[in-house]
Amino acid sequence: MAVTIPADRPDIDPYPLSPYVEWAGKRNRDPILAVFKDLFPQTGDVLEVASGAGLHINYFAPHFPQLRFQPSDYDLKVFDTIKGKRDAADNANVADPIEIDLIRAETWPDPKDRLYDVIFVINIFQVAPLAIASGIAQVAVRLLKNDGILAIYGPFKVDGKYTTESNEAFDKEILAAQVPEWGLKDVRDLEAIAGKYGIVLKKRLDLPANNFILVFGKA
Ligand SMILES: C[S@@+](CC[C@H](N)C(=O)[O-])C[C@H]1O[C@@H](n2cnc3c(N)ncnc32)[C@H](O)[C@@H]1O
């Protein structure tokens with residue numbers, strides 16, 4: 001069966017300030033928010049890694065006025081955009097972004113400064129190496145409170161298989177770009193890597209457009 005690409009979808013471009021990433025973010029933010037309303041605590045601290053333009057964190061923050069939100073990315077060039085969105089929305093509970101590179105441990109915050117109730121990340125695995133999973137798991141071990149959660153949103157394979165035709169079509173499209181680290185990753189590979197650091201998959205939630213939210217926590 002042929003898979004139809006939405007007519008308004010810009011060409012795939014993972015650059016965080018691209019029209020494609022903005023289009024994807026506007027499409028997925030409400031379904032993600034609906035799930036986060038169930039997952040997030042009433043009060044506490046939330047860290048986003050790979051915040052990109054800050055579209056999600058600034059959209060979510062007003063819905064959780066008692067939570068403090070910390071955006072981050074490895075690309076310092078996105079920081080002004082995150083702050084601009086924060087200021088435009090008057091989001092007093094969104095901090096200035098900080099540098100966290102999931103591949104470079106020297107950029108990871110000191111847990112003595114703050115522990116988090118939630119760490120979330122949206123749409124990075126399909127355009128990043130699987131090694132990112134090791135970074136995310138180690139950041140979670142280091143910075144999550146014992147009962148904290150790590151929520152990972154995106155499209156994934158499961159047990160080596162595509163869960164839908166549209167995910168297969170999307171994967172083929174990004175693989176065709178021939179960028180080595182691009183391509184859908186498998187939930188089982190993430191679980192295996194996270195497990196090495198004592199981070200385990202607690203829930204796999206289905207979201208629209210064949211995406212998942214994977215909820216991990218400390219074992
Ligand atoms: C496709 S964009 C998604 C941005 C945002 N989460 C969203 O959904 O709109 C991927 C993001 O991952 C970030 N990223 C890539 N490699 C990273 C790394 N090693 N550490 C932290 N962030 C990284 C990029 O800078 C970019 O912001």
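Coordinate-derived values only; no laboratory data. These numbers come from a predicted model, not from an experiment. As a convention, Cβ positions derive from the backbone with ideal geometry for all residues, glycine included, and neighbour counts pool all protein chains shown.
Details
- At an R0 of 41 angstrom, the distance between the Cβ atoms of ASP159 and ASP13 translates into a FRET efficiency of 0.85.
- With the charge dipole of segment 19-218 set up from +1 on Lys and Arg Cβ and -1 on Asp and Glu Cβ about the Cα centre, the Cα lying farthest toward the positive end among the listed residues GLY183, SER51, PRO65 is that of PRO65.
- Over 20 Å (Cα to Cα) - which of LYS145/LYS196; LYS83/LYS185; LYS145/LYS202; LYS145/LYS218 fall in this group: LYS83/LYS185
- With the Kirkwood sum run over all distinct C-alpha pairs, the chain has a hydrodynamic radius of 17.6 Å.
- Taking other Cβ atoms within 10 Å as a rough exposure proxy, PHE60, PHE212 sort from fewest to most as PHE212, PHE60.
- Packing around the peptides 18-25, 47-54, taken as the average count of other Cβ atoms within 10 Å per residue, puts them in this order, highest first: 47-54, 18-25.
- Computed over the chain: relative contact order in percent, which uses C-alpha pairs under 8 Å that are six or more apart: 17
- Cα→Cβ-extended label distance, 7 Å offset, between ASP113 and ALA209, nm: 3.2
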